[in-house]
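See structure below.
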Amino acid sequence: MTTWTDDTADRPISLTAPSGLDRAAHHRLDEAWLAAAWSHPTTRCFVVSGGQVLIDETPDGRTELVMTPSFEAPLTEAHRYFLGIDEEGVSYFALQKDSLPGRIDQSARPAGLREAGLLLSPRDAGLMVHAVGLENWQRTHRFCSRCGERTVIAAAGHIRRCPACGAEHYPRTDPAVIMAVTDAEDRILLGRQVHWPEGRFSTLAGFVEPGESIEQAVRREVCEEVGVTVGPVEYVASQPWPFPSSLMLGFMARATSTDIDVDGDEIHEARWFSRAELHEAFENGEVLPPYGISIAARLIEMWYGKPLPTRSFV
């Protein structure tokens, strides 16, 4: 269907590398175990606020989450989320606060996942993705969708219970398809959303609708957004994307038509590119590559045959 080379197909997608963490979900309802884990001297925690955490550079040039022992952590009982245990038995918690704490040494800085996800180790990136996803869900789902009563946090941050009607609510994850569409000439179809800056092109994407398979969603979204029909669809990989609560399902898809008719609502412009044309567009600044952390960049690379330029945007 397309050209996949060893140096692009074998590289892991950001935020999906093995983190070495066990989420240990069986402990979430064990309040005695959670209390003991929180009190253990090896336990580490970090603050998440508005999708950001504090990161810092180590003397050897690595970037790490700023974590502290639990006994040094700011107070927060309700918004303390258990994230898991590493291979050495260290427990990790995230603390949701209204703002990030200050640092006396002034060397740490706040960062969102788009920046930090490219810099952190798989363990730290995995912790941050988990924490950011929980924080967003907690902030936006404080009331029961069944009766309207304010809910309370349970299961170490992974359930919200309604004290009035007894309903339990779980963190939301929205499946979304994202696809690199190629044609019979092995050109790739890239689009620019209406709110994106000039020159920003990426793969097409959209949410899966009720009663729809993910393959059907790929074909529907491409047809709706740019008027191109799609035949064969091949699943590639998935990526957690808590902006705010998506799971991106990546595909390579083969177009059966090439005439473009953009919808004007979501997509402002769409174009077919050969590899030579996309290379030239990158070189002269006509096209900006997708942000490196996204699965979109990896899907394009699998077709392009080599890493994309490092220029990026938020």
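What to note about this one:
- The length gained on full extension between Thr310 and Arg142, counted as 0.36 nm times the residue separation minus their Cα-Cα distance, comes to 56.5 nm.
- Compactness of segment 9-73 as Cα Rg over 2.2 N^0.38 Å, two decimals: 1.42
- As a calculated quantity, the FRET efficiency between Glu224 and Leu247 at R0 = 30 Å, using C-beta atoms, amounts to about 0.90.
- Between the helical axis of 214-226 and the longest alpha-carbon principal axis of the chain there is an angle of about 60 degrees.
- Summary of the geometry: segment 58-121 and segment 135-181, compared by the centres of their Cα atoms, lie 23 Å apart.
- Here the simple spin-label model places points 7 Å from the Cα toward Cβ, and for Cys165 and Arg275 these points are separated by 5.6 nm.
- Annotation: the chain has a Kirkwood hydrodynamic radius of 21.4 angstrom, from the mean reciprocal C-alpha pair distance.
- Kirkwood-Stokes translational diffusion coefficient of segment 166-241, alpha-carbon pairs, 10 °C, 1.306 mPa s, µm²/s: 112
- Distance between the C-alpha centres of segment 19-36 and segment 193-238: 38 Å, rounded to the whole angstrom.
- At R0 = 35 Å, FRET efficiency that the Cβ-Cβ distance of Leu119 and Leu75 yields, to 0.05: 0.75
- Alpha-carbon Rg/Rh ratio, for segment 151-298, with Rh computed the Kirkwood way: 1.08
- With a cut-off of 14 Å on the backbone N, the residues of segment 58-92 near the modelled label site 7 Å out from Ser107 along Cα-Cβ are 58-67.
- At R0 = 25 Å, FRET efficiency that the Cβ-Cβ distance of Asp98 and Asp60 yields, to 0.05: 0.15
- Fraction of accessible area attributable to carbon and sulfur, the chain (%, probe 1.4 Å): 51
- Angle in degrees between helix 122-140 and the longest Cα principal axis of the chain, rounded to the nearest 10: 80
- Estimated distance in nm for a label pair at Thr256 and Trp196, the labels positioned 7 Å out from Cα along Cα-to-Cβ: 2.6
- Projected-area mean, segment 105-235, by convex hull of Cα positions, square nanometres: 13.2
- Whole-Hz ³J(HN,Hα) from phi, Karplus 6.51 cos²θ - 1.76 cosθ + 1.60, for segment 264-280, glycine and proline x: x, 8, 9, 10, 8, 8, 9, 9, 8, 10, 7, 4, 5, 5, 5, 4, 5
- For segment 156-314, accessible area per residue (1.4 Å probe, heavy atoms of protein chains only), Å²: 44
- Per-residue packing, averaged as other Cβ atoms within 10 Å, sorts the ranges 53-65, 244-256 into the order 244-256, 53-65, beginning with the highest.
The values are calculated or read from the model by the stated rules, or taken from the named source; none is laboratory data. Quick caveat: nothing in here was measured; it's all calculated off a predicted structure. Don't worry about glycine lacking a Cβ; one is built from the backbone with ideal geometry, like all the others, and counts go over all protein chains shown. Surface areas here come from the heavy atoms of the whole protein model, side chains and all, with no ligands, DNA or RNA. Shrake-Rupley method; radii C 1.70, N 1.55, O 1.52, S 1.80 Å.
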